[in-house]
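Peer 1: Sharing a structure, written as structure tokens. Questions coming.
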Amino acid sequence: MSTAPRTITLLAAIGLLALTGCQPTYTDYGDFVQTPKPLVTATEYRMAPPDSIHIGSKRVREIDGVTQQIRPDGMVSLPLVGEVFAAGKTPMELADEIEAHAQLYYEDADVAVRVVDYQSKKIYVFGEVGRSGPYSYDGTNTVFRTLALAQPNRLANPSKVQILRPNPDGTFRRKMTIDFDKMVKSGDTSLDAVLEENDVIYVPPNALASIGLACRQLLLPILPMSEVVNGPVSMHNDLQSVQSTP
């Protein structure tokens with residue numbers, strides 16, 4: 001064996017140890033899991049662009065059945081009532097404000113508001129899944145349901161799924177690791193936490209996937225430029241650096 005192949009083999013082994021030697025295990029379970037398990041988040045949902053809302057009223061026919069998307073300026077424009085600022089309000093708060101406007105025309109005005117399309121708030125899934133990226137947050141999202149939608153692929157390590165919860169300033173506040181494979185096979189959903197807005201789920205690669213990633217990184221300097229440009233982009237390194245944040 002020549003020196004170059006031997007060096008590449010050694011470097012690949014070192015890279016493999018770095019990637020698969022130890023996936024971090026986070027244990028902030030108490031910050032994610034509540035007993036008894038809630039059906040929804042305890043945080044009030046406050047609307048923002050581009051959420052869509054539906055307005056119902058038994059007595060104010062002009063606005064009954066109207067569906068509006070909240071504009072970038074936070075406003076909705078309604079028949080009879082006119083412009084109303086909706087961003088930052090709960091559906092009940094907005095209903096009360098619209099009702100107050102409508103009472104200028106109807107003494108017995110009644111208004112109900114509900115969100116019909118949750119688009120302003122997100123949770124995020126990255127890693128070895130069939131569908132990565134942002135998911136609409138509606139207050140009922142759970143770890144199990146979100147992973148069922150994201151569908152960990154054959155390159156995933158589902159026994160080390162990481163749930164990350166950021167502070168408002170973007171630093172990670174709490175972290176926990178779950179065994180999604182065990183959750184599916186045993187039916188034990190004790191760690192199936194209700195997620196909060198901006199939570200991040202990261203599904204790490206398994207050992208075989210890590211080998212391929214390590215080899216690609218080590219061979220990057222000698223790959224043809226066309227292959228580098230056209231090759232897939234991995235979120236692994238970026239997320240590893242994020243996870244190391246205290």
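Derivation of every value follows stated rules applied to the coordinates shown; laboratory data play no part. What you are looking at is a predicted structure, and each value in this text was computed from that prediction instead of being measured. Heads up, the Cβs are rebuilt from the backbone with ideal geometry, glycines too, and the neighbour counts pull from every protein chain shown.
Peer 1: What FRET efficiency comes out for residue 140 versus residue 107 if R0 is 30 angstrom and r is the Cβ-Cβ distance? Round to the nearest 0.05. Each step should come with its number before you reach the end.
Peer 2: Details: r = 37 Å, r/R0 = 1.24.
Efficiency computed from Cβ-Cβ geometry: 0.20.
Peer 1: Output the direction-averaged projected area (hull surface divided by four) of the convex hull of the alpha-carbon atoms of the stretch 28-114, in nm².
Peer 2: On the way: hull surface 28.8 nm².
So the Cα hull casts an average projection of 7.2 nm².
Peer 1: If you don't mind, there's one more thing I want to ask. How far, in nm, would the chain grow between residue 171 and residue 159 when pulled straight, counting 0.36 nm per residue and subtracting the alpha carbon separation?
Peer 2: Details: separation 12, 0.36 × 12 = 4.32 nm, distance 2.47 nm.
That pair, residue 171 and residue 159, stretches by 1.8 nm at full extension.
Peer 1: What FRET efficiency do you get for residue 27 and residue 186 if R0 is 22 Å and r is their Cβ-Cβ distance, rounded to the nearest 0.05?
Peer 2: Working: r = 20 Å, r/R0 = 0.89.
So the FRET efficiency works out to roughly 0.65.
Peer 1: Let me ask another. So how far apart, in nm, are the two label points at residue 179 and residue 207 if each is 7 Å from Cα heading toward Cβ?
Peer 2: Modelled inter-label distance: 1.7 nm.
Peer 1: Please give, to one decimal in nm, the separation of the simple spin-label points placed at residue 71 and residue 117, each 7 Å out from Cα toward the Cβ.
Peer 2: Result for the modelled spin labels: 1.7 nm.
Peer 1: So which GluC sites (Glu not before Pro) in the stretch 71-128 pass both tests, a DSSP loop state and at most 16 other Cβ atoms within 10 Å of the Cβ? Walk me through the numbers on the way to the answer.
Peer 2: Details: sites: 83, 93, 97, 99, 107, 128; in loops: 107, 128.
Answer by residue number: 107.
Peer 1: Let me confirm the definition first: pairs of Lys residues in the stretch 29-174, 8 or more apart or on different chains, C-alpha distance under 25 Å. How many are there?
Peer 2: On the way: 37/121; 37/122; 37/160; 58/89; 89/121; 89/122; 122/160.
Summing the qualifying lysine pairs gives 7.
Peer 1: Now for a separate question. In whole angstrom, note down how far apart the Cα centers of the stretch 82-116 and the stretch 117-132 are.
Peer 2: First find each Cα centre; the distance between them is then 31 Å.
Peer 1: Extent of the stretch 101-192 along each principal axis, from alpha carbon coordinates, in Å, largest to smallest?
Peer 2: Dimensions of the stretch 101-192 along the principal axes of its Cα atoms: 61, 33, 25 Å.
Peer 1: Pull out the extension gain between residue 42 and residue 148, defined as 0.36 nm times the separation in residues minus the alpha carbon to alpha carbon distance; nm, one decimal. List each step's numbers first, then the result.
Peer 2: Numbers: separation 106, 0.36 × 106 = 38.16 nm, distance 2.29 nm.
Full-extension gain reported as 35.9 nm.
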